[in-house]
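Worksheet: the structure to be examined is printed underneath.
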Amino acid sequence: HNIKAVFKSVLSGEDWNRLIKSPSNTDCVKLAEAFKSGDFSDTEFADICSEVYSIYSAKGIRYAEAYLDKSEFTLMTDKSSGFTKGYVQLLALCADLRIYLRSRDKSFLQEALIENSLIDIDYLKRGADKGETLSGLGYAQAYEKYIISPSDFERYCTDLISEYIKSAENSFFAFDAVLAYFVRKETEFKNIRLTLYAGEENPEERLMGIYA
């Protein structure tokens, strides 16, 4: 997260201090200077940062962000196991569905889709009709929700994750329960934002399930 936040802030001239998450496993001051100069020799994750800089220079911000997202999921997958790895795979699935539904650029799909165990990304790359392709992979509902509205699709993704998180409620492994707690808290904050910005609309249909 912090690499992307600093990178985008340097490009836009914004203050990255208000965007980063603490604690950070990288020195964001050094990182900001590196993105300004193009010299990553004195930064953590130098290989990733250097590649991001090169991709941005050659192809633009969208491809650079996609590379960062893929690198993040690869690191999380390599460092996780059991319940946590399943959670990471679900996040990657939702990211792939989001990328596939939003993108009309096949060359971008070739580089942006994230390898995971829950969906055949090669099938996604070949699919011409989004509805038929996702139906063939067992994710027809994702397409149906996206056609209704992007927010309905996001609720669909959150509900997928919520169903998985429920399995940790009675887990004998303390970390699984802690992870479930934080995911539920994050969903609560999303629901608060949805309610605050609902205006005249009825927010109940948009709220994301976490305890049902």
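Worth pointing out:
- Any pair with Cβ under 6 angstrom, 6 or more apart, that starts in segment 140-151 at a residue that is in a helix (DSSP H, G or I) and ends at one that is open to solvent by 70 Å² or more (accessible area, probe 1.4 Å): 151/206
- For segment 87-120, the tally of residues that are closer than 18 Å to residue 162 by Cβ and either open to solvent by less than 30 Å² (accessible area, probe 1.4 Å) or assigned to a loop (DSSP other than H, G, I, E, B) (or both) stands at 9.
- When 84, 74 are checked against the criterion of being out of contact with any Lys or Arg (no Cβ under 8 Å at 6 or more places or on another chain), open to solvent by 70 Å² or more (accessible area, probe 1.4 Å) and part of a helix (DSSP H, G or I), a single residue qualifies: 74.
- Selection status of residue 163, open to solvent by 70 Å² or more (accessible area, probe 1.4 Å), more than 15 Å from residue 99 (Cα to Cα) and at pLDDT below 95: yes
Residue-wise test of (1) within 22 Å of residue 96 (Cβ to Cβ); (2) in contact with a helix residue (DSSP H, G or I) (Cβ under 6 Å, 6 or more places away or on another chain); (3) at pLDDT below 90; (4) not acidic (Asp, Glu).
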| site | (1), (2), (3), (4) |
| --- | --- |
| 47 | no, no, no, no |
| 55 | yes, yes, no, yes |
| 64 | yes, yes, no, yes |
| 67 | yes, yes, no, yes |
| 72 | yes, no, yes, no |
| 75 | yes, no, yes, yes |
| 84 | yes, no, yes, yes |
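The values are calculated or read from the model by the stated rules, or taken from the named source; none is laboratory data. The shown structure was predicted, so the numbers you read here are calculated from the model rather than taken from an experiment. Virtual Cβ from ideal backbone geometry, glycine too; neighbours counted across all protein chains shown. Surface accessibility is based on the protein's heavy atoms, side chains included, excluding ligands, DNA and RNA. Shrake-Rupley method; radii C 1.70, N 1.55, O 1.52, S 1.80 Å.
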